[in-house]
Number of protein chains: 2
Amino acid sequence: MKPLFHPRIDDLDLSTILHACADPTRLRLLADINTDPGKTCGTFETELSKSTLSAHFKVLRESGLIRQELGPGNSRLNWPRTAEVQSRFPGVISAILKSATRS
Amino acid sequence: MKPLFHPRIDDLDLSTILHACADPTRLRLLADINTDPGKTCGTFETELSKSTLSAHFKVLRESGLIRQELGPGNSRLNWPRTAEVQSRFPGVISAILKSATRS
DNA sequence: CCAGGTGTTCGTTAGTTGACGAATACACGA
DNA sequence: TCGTGTATTCGTCAACTAACGAACACCTGG
């Protein structure tokens, strides 16, 4: 099995993170993951195709916003890295998520 | 003279704002404007061409992050709309700016 | 009025993005 | 082992983006 790449905290880039959050679909995915940590990729409400969704998860993961673990049956468990990101860029993600879930 | 478009606070969109901040050049411009409110477009340190810079200012303005006023000699005075944006999306811009100026 | 300074607009170009379906990889249960 | 469920990868496509120079618009000073 190919290991999923996750950036270290020190390698996080603010622009990359903001870019990841700038897409409405990804922002909603991120908010959902923060609400229900551990959700698998297939449990998100969306009209998009699986491949499109997979690409969005990849962007979120490689930006450092989420961690994807192997789950049962080749599924992926999605966890927020909010606390870690917070330590690097204090307040950014929490403020974005708060505004995102409000609207 | 063509009037410069500025979105109303109620029309601000979080994704649009994040997209505007996601570009390193624009983020630096925005930080500079917040540090030195009222700067004209020509006073920013950059290697980019005038036309490119102008396009970036347009993105910032149309996202609602800055206000551009007519200054002396056809110049543009750039003001932050941080306080207004803050009222709509509390904490978002201030946190981003804080992280941006740190790095 | 003319020249210089400040920005915008236009047209172009190369690179990136988001979307999709089809094909593939992998784990698990029958 | 064979199918089923889950998710990634690949190739394609249209749309968007950032960058540039050239041309234009506008104000101000001489």
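Return the pairs, sorted by first residue and then second, in which the second residue is of a type in the set (F, W, Y), the first residue lies in the stretch A:20-32 and is under 19 Å from A:G42 (Cα atoms), the beta carbons are less than 9 Å apart, and the residues are 6+ apart or on different chains.
What qualifies is A:R26/A:F57; A:R28/A:F44; A:L29/A:F44; A:L29/A:F57; A:D32/A:F44.
Just checking, does the stretch B:48-69 include any residue being under 9 Å from the mean Cα position of the chain (by Cα) and touching a residue at least 60 places away in the same chain (Cβ under 8 Å)?
Yes, there is a match, as at least one residue in the stretch B:48-69 is under 9 Å from the mean Cα position of the chain (by Cα) and touching a residue at least 60 places away in the same chain (Cβ under 8 Å).
If I go through the stretch B:80-103 residue by residue, how many of them are in contact (Cβ under 8 Å) with a residue 12 or more places away in the chain, within 14 Å of chain A (Cβ to nearest Cβ) and either in contact with a Leu (Cβ under 6 Å, 6 or more places away or on another chain) or in a loop (DSSP other than H, G, I, E, B) (or both)?
Of the residues in that region, 3 qualify.
Among the residues in the stretch B:14-28, are any open to solvent by less than 30 Å² (accessible area, probe 1.4 Å) and either more than 10 Å from chain A (Cβ to nearest Cβ) or among the acidic types (D, E) (or both)?
No, the conditions are met nowhere in the stretch B:14-28.
Residues in the stretch A:42-55 that are assigned to a helix (DSSP H, G or I) and more than 7 Å from DNA strand C (Cβ to nearest atom): how many? Full working, then the answer.
Restricting attention to the stretch A:42-55, the residues satisfying the condition of being assigned to a helix (DSSP H, G or I) are A:42-43, A:50-55.
Next, from what is left, pick out any that are more than 7 Å from DNA strand C (Cβ to nearest atom): A:42-43, A:53-54.
Residues that pass the stated criteria total 4.
Across the stretch B:36-52, what is the number of residues that are crowded, with 18+ Cβ neighbours inside 10 Å and within 11 Å of DNA strand D (Cβ to nearest atom)?
Total satisfying the criteria: 0.
Restricting attention to the stretch A:68-103, report how many residues are away from DNA strand C (no atom under 16 Å from the Cβ) and either among the hydrophobic types (A, V, I, L, M, F, W, C) or open to solvent by less than 80 Å² (accessible area, probe 1.4 Å) (or both).
Residues meeting the conditions: 18.
Could you list all residues from the stretch B:2-13 that are open to solvent by 70 Å² or more (accessible area, probe 1.4 Å) and either part of a helix (DSSP H, G or I) or in contact with an Asp or Glu (Cβ under 7 Å, 6 or more places away or on another chain) (or both)?
B:F5, B:D10, B:D11
Which condition breaks for A:L77 when tested against (1) part of a helix (DSSP H, G or I); (2) in contact with a Gly (Cβ under 6 Å, 6 or more places away or on another chain)?
(1)
Any idea which of (1) modelled with pLDDT of 95 or more; (2) more than 8 Å from DNA strand C (Cβ to nearest atom); (3) part of a loop (DSSP other than H, G, I, E, B) is the one A:K58 doesn't satisfy?
Condition (3) is where A:K58 drops out.
Could you tell me whether B:K58 is surrounded by fewer than 13 Cβ atoms within 10 Å (Cβ to Cβ), of a type in the set (K, R) and more than 13 Å from chain A (Cβ to nearest Cβ)?
Spelling it out, it is not the case that B:K58 is surrounded by fewer than 13 Cβ atoms within 10 Å (Cβ to Cβ), of a type in the set (K, R) and more than 13 Å from chain A (Cβ to nearest Cβ).
Taking B:G64, is it more than 9 Å from DNA strand D (Cβ to nearest atom) and within 14 Å of chain A (Cβ to nearest Cβ)?
Yes; evaluated as a whole, the condition is true for this residue.
The values are calculated or read from the model by the stated rules, or taken from the named source; none is laboratory data. In this text, all values refer to a predicted model and were calculated from it rather than measured experimentally. Neighbour counts run over all protein chains shown; Cβ positions are idealised from the backbone, glycine included. SASA here: full protein model, heavy atoms, side chains in, ligands and nucleic acids out. Shrake-Rupley method; radii C 1.70, N 1.55, O 1.52, S 1.80 Å.
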